[in-house]
Structures are given as structure tokens and as C-alpha cells.
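The values are calculated or read from the model by the stated rules, or taken from the named source; none is laboratory data. Bear in mind the structure is a predicted one, so any value in this text is a computation, not a measurement. All Cβ positions, even for glycine, are placed from backbone atoms using ideal geometry, and neighbour counts span all protein chains on display.
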Amino acid sequence: METKRFAKGDVIFRQGDMPAFLYDIDSGAVGIYAEQGTADETHITTFGPGQVFGEMELIASCPRSATAVALEDTAVHALTQQDFSAYFEDKPERVLAIMRQVSQRVRETTDDYLSACRTVYDAVEAEQEGQPKAPTLLERLNFFAKVGALLGK
């Protein structure tokens, strides 16, 4: 495991890169973006001290699904697959904390998915009843359409 430091604005990894590390934030903040640097750029989330990011791709050995950018001066512990495997013996409490974070993200993703399903249901129901779509429904539909367009690329 090595400590890496990033200045505000530094790209830590890019969408599509193959992973070498997962990152455990010691200090600072990291923004995660889809289509970073393009007109379709979408801020997905922000991580801070004590949180990890980049674990999905490292564990699954698949390309990065988003770009990570230091939002302020940031220090991270960069763990290879071997380092992470050693955590199971050396730092089981940290592995448990990482598993809790990943579980929370899965829960949030499930909530987002259910919200998208509810939005589609509400839109179809309004259309079938000949009712205009409420402004908040239109905002939600536009948001999910933007995310869907990014996924379709």
C-alpha cells in the first residue's frame, strides 16, 4: 500500500481506464463523474475521509465506470489487489467498514432504481389518464433521461 497525494483538480483515474488500485481517502475530497470534461458531464457523488472508491473495478477487474477528480488537496492510500487481500488478515475491521460502505451504495442504487421505476409509472399513469405531467415529474423524467442517455453511450 502506498500513500498518494493529489492537488485540487487532479484526475485520479479516468472512465474506461483499467484499475490498478482502490483508494482509501485519508484527507480531502474526491468527486466521481460520468463523461467528465464533456458537455454531458454528470457529477455522481463525492467521497471524503474514511471512504473508499474504485473498489468495484479492482475487485471485478473491469474498466473504470467513471472518472475520479480531487476536489481539494487529497491524500489517499492506494491499495492493489494484493494489498486489499492482505487487509482480510491484517485489518479485518477495515474490510468490514469497506463492506458497509459498498452495501450502503448498493442500497442507495436500489433506491434510485425504485425512484426511476416510480417516475416512469407516474408518467405512464398521467398519460393514460390524460392528465398533464406535474413539473416535479417532468424534472425527474429529464434527470433519468439524461442518466439513461449516458448509459446508452
Among the helices (runs of 4 or more DSSP H) confined wholly to segment 18-129, which include 1 or more residues that are of a type in the set (Gly, Ala, Ser) and not assigned by TED's automatic domain parsing to the domain that holds ASN142? 55-60, 81-90
What are the residues in segment 82-102 that are under 19 Å from SER61 (Cα atoms), among the polar types (S, T, N, Q) and surrounded by 10 or more Cβ atoms within 10 Å (Cβ to Cβ), if any? SER85
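Yes or no, residue by residue, for (1) under 24 Å from LYS146 (Cβ atoms); (2) touching a helix residue (DSSP H, G or I) at 6+ places or on another chain (Cβ under 7 Å):
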residue: PHE6; (1), (2): no, no
residue: GLY16; (1), (2): yes, no
residue: LEU22; (1), (2): no, yes
residue: ASP26; (1), (2): no, no
residue: ASP73; (1), (2): no, no
residue: GLN82; (1), (2): no, no
residue: ARG94; (1), (2): no, yes
From the list THR67, THR46, which residue is more than 15 Å from LYS4 (Cα to Cα), modelled with pLDDT of 90 or more and exposed (fewer than 14 other Cβ atoms within 10 Å of the Cβ)? THR46
Can you name the residue in segment 49-64 that is loosely packed, with under 14 Cβ neighbours inside 10 Å and of a type outside the set (A, V, I, L, M) and is also nearest to ARG105 (Cα to Cα) among such residues? GLY50
Restricting segment 95-125 to residues that are touching a residue at least 24 places away in the same chain (Cβ under 8 Å) and not hydrophobic (A, V, I, L, M, F, W, C), the one nearest to VAL52 (Cα to Cα) turns out to be GLN101
Determine whether THR109 is surrounded by fewer than 14 Cβ atoms within 10 Å (Cβ to Cβ), under 30 Å from LEU137 (Cβ atoms), under 14 Å from the mean Cα position of the chain (by Cα) and β-branched (Val, Ile, Thr). yes
Among (1) within 17 Å of GLN101 (Cα to Cα); (2) within 15 Å of the chain's Cα centre (by Cα); (3) modelled with pLDDT of 85 or more, HIS77 falls short only on (2)
Just name the residue that is surrounded by the fewest Cβ atoms within 10 Å (Cβ to Cβ) out of those in segment 1-16 that are within 15 Å of the chain's Cα centre (by Cα) and not in a strand (DSSP E or B). GLY16
